[in-house]
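Remarks on the structure that follows.
Just so it is clear, none of the values below were taken in a lab; they were calculated from the coordinates. Note that this is a predicted model, so its numbers are computed, not measured. Backbone-built Cβ (ideal geometry, glycine too); neighbour counts: all protein chains shown.
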Amino acid sequence: MTTEPQRFEILLVPGHIENLRGADAADRALRSAVVEATGETGASGYPRYRGQGLEADIDPRTRTVEALLVDGAELDYGLTALVAPDRRR
């Protein structure tokens, strides 16, 4: 049994709003996708998640996107990938 989350929502936001105080990244996301664990480990050494055109290596402890492909390509310059806050808390 794994204790790692089995799914995350990834938000793609313009990089310039990443640290904007009071801004909710989910409201400013250009794209979002729910990715699910594949059971694989990515080249980064973190668990691999896949879904809705995104493939990501995510550190489940820090909720950081360590590697990302969007529709099979690298993330466009100026965009930042974030894991959406866990709204169940």
Task: Over the stretch 7-83, relative contact order from alpha-carbon pairs under 8 Å, at least 6 apart, % - done: 30 percent
Task: Cα gyration tensor shape of the chain, rounded if a/c is under 1.5, else prolate or oblate by comparing a/b with b/c - done: oblate
- [ ] Between Ser32 and Arg63, with labels modelled 7 Å along Cα→Cβ, what's the label distance in nm to one decimal, could you check?
- [x] 1.3 nm
Task: Nonlocal amide H pairs with Leu54, under 5 Å, H built at 1.01 Å - done: Asp71
TODO: Calculate the spin-label point distance for Glu4 paired with Asp71, positioning each point 7 Å from the Cα along the beta-carbon direction, and give it in nanometres.
DONE: 2.8 nm
Task: Value at 222 nm in deg cm²/dmol, rounded to 500, when DSSP H runs of n ≥ 4 in the chain each add -39,500 (n - 2.57) - done: -500 deg cm²/dmol
Open item on the list: With θ taken as phi - 60° and the coefficients 6.51, -1.76 and 1.60, list the Karplus ³J(HN,Hα) couplings across the stretch 59-74 in order, rounded to whole Hz; mark glycine and proline as x.
Closed with: 7, x, 6, 9, 6, 9, 7, 8, 8, 8, 10, 10, 6, x, 10, 5
TODO: Quick one: which residues, 5+ away or cross-chain, put their amide H under 5 Å from the amide H of Leu79? H built at 1.01 Å from N.
DONE: Gly15
